[in-house]
Structure formats: C-alpha cells, structure tokens
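Okay, structure first, notes after.
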C-alpha cells in the first residue's frame, strides 16, 4: 500500500478528533463556567521543542497531540440570585472534595450548607460554610458571607500561578496537583454568573475548516488508492 495513504489517514484521524473537541465546546457554549478545550499537534510540538528536522521525502505522520483547556474567563452576566457568584479576576472557588471551579451557581442544602450544583460543600476560611439563621445572605466583593449583617465566614478563593496544575474533572470542576494560594486580586460579585468562554462563531469557523481539511485527506486517500489500482491493472499488460 502506498505510504501516502497512511500519511493522509493519520491527518484525517486527527481532524476527526479535532471536530469531536469542537463539537464538545459547542455543546457546552451555554454551560455556566465551562472552559473550552483545544488540541495541540504533536508533530509541531516535537519539532519545536527538540529542534528536529523533518524527513526530506515528506513521510511525516500527523499524530494526536495533547488536549489543553483554555482557562480564559467568560463574560459575566447578571442574574440577581442571592447565591449566584462570579469571580472577577484570577481565582477559583474551593470545595470540600479538593476540587475547584469558577462555576458559581450555588445553593443551600437541607442542612444549610452552601453547596454547588453537584451538592458539594463550598469551603470558607473555616471550612464548609453553614447558614443557620434566616435572613438575606449577603456576599461582599472580598467574599465575606454575612446574614443580618453578621459575617459567617469568607469564601475561600484561590489562584494558581501555573495553570498547568489544573485538570478537568467534568461539570465545570477542576482538580489540582498542588494547592493554590489565596487570591488577593480576585473580586466576588454576588448575583452574577460567569458564562462559558466558548466563542460559538469562532468554533463554527474552526469546525468548517477542520471538515474541509478532513475531506481533503479523504480525496487524497482515494487518489492514492486509484493510482495503485491503475498500476495493478496496467502491470500485466507490460
């Protein structure tokens, strides 16, 4: 089989993976706090890092690289809900299970603890935050949680100098290979939520581009296959 078929097939497979990632981003474009994924091409990364020269005959396979998460903030929208919070600046809300998020659609559970949409308890400076008094909950820009003017605790907002330590676990949550430090620059906005950072128009353009490239690889495979068939058919006549 012609080596070109393998090269074109590797490129088509990579484009299929890229379209899967783009589809996932588009499906979560309305998910609160969602961070989009993007793919890096391994062939390019290896060449850049190792200063490697590519084979002169063009026999360069396209390999699936790494999927990274774009942690850029999304736009902030006003909801007016008491327990909706958005982080303005660098920082993540901390949770009891050791995970972090910028998704701030919080609520109270049956015991009065502030939890996220999964029911995981939000951490404050003194541990999980529990509201035992009736009354309007107020959250200041510094994260102080107060009821009837009395401060109960302060939301634990942390930041990571190296974003590479964060890994997606699903549902807008992250886990980190090392502990973050308390953020001194982030501001908490009560009654607001951060939307996803997916630009739907850009993602659609990326999908169309990836689809066209996939189709190009398909045509290349058919061309190589046809040329091989012609050679096989013509050889007996020589």
Discussion item. Can you tell me how many residues within the range 20-45 are assigned to a loop (DSSP other than H, G, I, E, B) and at pLDDT 90 or above?
Written reply: 9
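In the range 144-161, which residue that is within 20 Å of the chain's Cα centre (by Cα) and assigned to a strand (DSSP E or B) is surrounded by the most Cβ atoms within 10 Å (Cβ to Cβ)? So that I can check it myself, show each step before the final result.
Going residue by residue through the range 144-161, those that are within 20 Å of the chain's Cα centre (by Cα) are 157-161.
Going one step further and asking which of them are assigned to a strand (DSSP E or B), we end up with 157-159.
Numbers: 157: 26, 158: 18, 159: 18.
Filtering the range 144-161 for residues that are within 20 Å of the chain's Cα centre (by Cα) and assigned to a strand (DSSP E or B), the one surrounded by the most Cβ atoms within 10 Å (Cβ to Cβ) comes out as 157.
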Practice prompt. Confirm whether residue 98 is at pLDDT below 95, under 16 Å from the mean Cα position of the chain (by Cα) and under 18 Å from residue 157 (Cα atoms).
Written response: no
Discussion item. I'd like to check something: does the range 192-206 contain any residue that is on the phi > 0 side of the Ramachandran plot and part of a loop (DSSP other than H, G, I, E, B)?
Written reply: no
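Is one or more of the residues making up the range 1-19 at pLDDT below 95, under 30 Å from residue 123 (Cβ atoms), under 15 Å from the mean Cα position of the chain (by Cα) and surrounded by 13 or more Cβ atoms within 10 Å (Cβ to Cβ)? Spell out how you get there, then give the answer.
To start, the set of residues in the range 1-19 that are at pLDDT below 95 comprises 1-19.
Of the ones still in play, those that are also under 30 Å from residue 123 (Cβ atoms) are none.
For the range 1-19, residues at pLDDT below 95, under 30 Å from residue 123 (Cβ atoms), under 15 Å from the mean Cα position of the chain (by Cα) and surrounded by 13 or more Cβ atoms within 10 Å (Cβ to Cβ): absent.
The values are calculated or read from the model by the stated rules, or taken from the named source; none is laboratory data. Remember, predicted model here, so these are calculated numbers, not experimental data. Ideal geometry is used to build each Cβ from the backbone, glycine not excepted, and the neighbour counts take in all protein chains shown.
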